[in-house]
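Chemist: Take this structure first; my questions come after.
The values are calculated or read from the model by the stated rules, or taken from the named source; none is laboratory data. Computed from a predicted model, the values in this text were never measured in an experiment. When we count neighbours, we look across all protein chains shown, and the Cβ atoms used for this are built from the backbone with ideal geometry, even at glycine. Surface areas here come from the heavy atoms of the whole protein model, side chains and all, with no ligands, DNA or RNA. Shrake-Rupley method; radii C 1.70, N 1.55, O 1.52, S 1.80 Å.
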Amino acid sequence: MTPDRRPRFASDFPRAPELDALVDAFARGDYARVRTEGSKLAASAQDEDVRLAARTLVARTAPDPLAVWLLVLTGVLLAVLSAYWTVHGKPD
């Protein structure tokens, strides 16, 4: 991968072929590959810096906790309003 295509946060990552392939997959948007192979690389790499970089890549593919909570809150609100409408939405 060319240095200009490398994500800014990955500029300090060590140069290793397996890690470079994961950074390239991340830049392409192949997050499923980053999650699966990144976890394996984090568990099996000999170099501590490579392990840390792989964990960082995997962590950056996780959903934002605030977005998850807002989605759950929206679902609960939809269920409550639907139940209220079902119970009280009948004509007099």
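Chemist: Enter the accessible area per residue of segment 38-92 (Å², integer; probe 1.4 Å; all protein chains in place). List each step's numbers first, then the result.
Modeler: Details: 4460 Å² over 55 residues.
For segment 38-92, the solvent-accessible area averages 81 Å² per residue.
Chemist: Quick check on the chain: helices-only [θ] at 222 nm, where DSSP H runs of length 4 and up contribute -39,500 (n - 2.57) each and the sum goes over total residues. Nearest 500, please.
Modeler: Values: 4 runs with 62 residues, N = 92.
When only DSSP H runs of four or more count, the value is -22000 deg cm²/dmol.
Chemist: Quantify, in whole percent, the carbon and sulfur part of the accessible surface of the chain (1.4 Å probe; protein heavy atoms only). All intermediate terms of the calculation are to be shown ahead of the outcome.
Modeler: Values: 4290 of 6840 Å².
Percent of accessible area from carbon and sulfur atoms in the chain: 63.
Chemist: Taking the Cα centre of the chain as the origin, how large is its charge dipole in debye, to the nearest 20, when only Lys and Arg (+1) and Asp and Glu (-1) carry charge on their Cβ atoms? Please list the in-between numbers first.
Modeler: Details: 12 positive and 12 negative charges, 32 e Å.
The calculation lands at about 160 debye.
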